[in-house]
1. In whole Å, what is the distance between the alpha-carbon centres of the stretch B:1-68 and the stretch B:88-157?
2. Would you calculate the volume per residue, in Å³, of the smallest convex hull containing every Cα atom of chain B?
3. Given labels modelled 7 Å from the Cα in the Cβ direction, how far is it in nm from B:PHE130 to A:TRP289?
4. Could you tell me which chymotrypsin sites (Phe, Trp or Tyr not before Pro) in the stretch A:276-310 are loop residues by DSSP with no more than 14 other beta carbons within 10 angstrom of their beta carbon?
5. Add +1 for every Lys or Arg and -1 for every Asp or Glu among the other residues with Cβ under 14 Å from the Cβ of B:ARG171, and state the total.
6. Going by amide H atoms built from the backbone, whose H comes under 5 Å of the H on A:THR427, apart from near neighbours?
7. In whole Å, what is the distance between the alpha-carbon centres of the stretch A:94-119 and the stretch A:261-309?
8. Take the alpha carbon atoms of the stretch A:65-161, find their radius of gyration, then divide it by 2.2 N^0.38 Å using N residues; give the quotient.
Amino acid sequence: MAVPATKLKEKKEIIDVGLEEGAARLTYERIEQVINRVITAEMAARMKVYVDTCIHCGLCSTACHYYLSHGTPEWAPVGKVKQTMWEILEKKGKVSPEFIKRASIIASTECNVCRRCSMYCPYGIDVAYIMATVRRICHLLGVTPQYIQDTAHSHSATMNQMWVKEDEWIDTLQWQEGEAQAEMPSLRIALDKEGADIMYSVIGPEPKFRAQLIYQAAILMTAAGVDWTMPASPGWDNSDMAMFTGDFEMMGRIKRTHFETAAKLRVKKIVMGECGHAFRSVYDVGNRWLGWKMPPIPVIHATQFYYELLKEGKIKIARKLKEPVTLHDPCNIVRGRGLHEMMRYLVNATCENFVEMYPNREQNHCCCAGGGVINCGPPWKTKRVESNSIKAEQLAATGVHICIAPCHNCHGGLEDIINTYKLNMHTMFFIDVLMKTMEIPDALKA
Amino acid sequence: MQGIYEFVRGPLLWLTFIVFIGGSLYRLISMYYLLKKKERWVFNYMSLKYSLRSILHWIIPFASANMRQRPIMTVMSFVFHICLLVTPVFLLSHIVLWDESWNLSWWALPDWIADIMALVVIGACVFFAFRRQILPEVKYVTSVADYAILAITAAPFITGFLAYHQWIEYRTMLILHILAGEAMLVAIPFTRLIHMFYFWFTRAYTGSEFGGVRHARDW
């Protein structure tokens, strides 16, 4: 017998042990106590002004890829604020464990804190900040999705996101160094070289899953003749899931370790791999928590670094990619650092046929993976991909098969979208493009 | 009747201005002190250049992407806000009152234009009310208070329009008009109408963060 169509469409409730067990431990008293502590000790003028100013006009709706993909009001930024912060403030914290669970789901899996809605609100209300504060409350109550909580635990135990042990880290670097020496015999990944110009830092998943990126970075650094080093001790990981769970104390420890490692090595600046959220944490959020208006040691994102190397002629392009490519502007380095024009310079320098996706630059739609959403893990994957059909449409409209995305989370998120919507596309980092296009000086070749 | 009229345009008006100005100042000053006490760092990020850049892009019609994507709403909001602010200030009958009381006068709108502008404000309020009913994403976040704000805003214009045309008993309508205007002014500091003042600060802050720290456009 056929199953009625409506039955098929019914979604199973997603069970996340972190939320279920966290909520089961809660009492009304504890919720009220924690919320009131956050309201009095942590929230102040900004939150009050945002909540009092919002005129409930709904103009932020079309900023949000969740709303554009689902089309119903509970996905709009203001709809999410209504379901969480308005209720919390109106009831002065007298909300149920079930409410906290739902609030955690909304703030952690239905918002990428991508800040596009700030650009659509006539008042510029920072909805991402409001959602981050909801996450903060949920964190203090111990109701955070399990997978991302696990990465936060990893940060606290190892100072990296992926439970990478110190010897494994060093071993991975030496392994990649050995591999790369087959191509470039004089190549070194200098560990803990004091006084180097640049400290190169990456996110935990690079040694864990994408070690070839370290290989490629070493090739690039050597070809460009850069004086660089990578730390041998904890502090090598610039990523930060604690920032996204609302565990700001932990975020502070991670960032302090990262900056102190760079300070110990007396480098002139930190260059970060192609990651968006880590950049947000080091450049914008973590430094503030530590009391620095701007990062205490200059930090630049890999794309800006490549741009500068190309501009200064330290690397040269031997041949351009012939296949048409498109570029995805990651939130955290575009709305977060305005690197969009530098990235376009890079694309045009390395590719013959560049097809823009629309909207682009600051207006680009988020990948739906960032902001910790992909880190909430497999239970939430289907929802995450279904919540970004607008991205699939945007990618498909370019008609190209290569999408450059200089951000780890964007990569993961876009690959899931590409596979689910069968877009016949694949993603590349800029370093992948450079490896195919840049000139390797003869003297360095094996 | 005369007694009531004298009262609403005399002592009650004074009280209104005291509450409106005092209340608004209180909101702004207390917010400033709260900011200074708990989020002092915000001041370090404020930039005049990027504040003005952001404000300009949001007070010029169609200067932001969102405004271009919603032309009807953009036209309605701009026309509404302009008429709302300009009509009462440049209405001849209001200037006459200023002249009588304070010997102050300035250029006045021709009455027929002011008439149309009042209708525009009323029409826009009706439009916003319908919008709240019709668009699901707006309806979802609309509460009674949102309609109340619209009613408070439209009331001085409805009563003013009726008083001017003298279709209903003039004196009563005039008193109602004054009361409605006073109610609106008093409501500003205590409702979301405070956005009239907060707008400049939220925009300036967001503009400063986007421009100064993030090197990105916020429109």
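The values are calculated or read from the model by the stated rules, or taken from the named source; none is laboratory data. Predicted, not measured: the structure shown is a model, and the values here were computed from it. Neighbour counts run over all protein chains shown; Cβ positions are idealised from the backbone, glycine included. Calculation scope for accessible area: heavy atoms of the full protein, side chains included, ligands and nucleic acids excluded. Shrake-Rupley method; radii C 1.70, N 1.55, O 1.52, S 1.80 Å.
1. Centre-to-centre (Cα) distance: 18 Å.
2. Dividing the Cα hull volume of chain B by its residues yields 162 Å³.
3. Calculated label separation equals 5.0 nm.
4. A:TRP292
5. Taking every other residue near B:ARG171 into account, the sum is -1.
6. HN-HN under 5 Å from A:THR427: A:CYS403.
7. 28
8. Working: Rg = 14.3 Å, N = 97, 2.2 N^0.38 = 12.5 Å.
Against the empirical 2.2 N^0.38 Å value, I get 1.14 for the stretch A:65-161.
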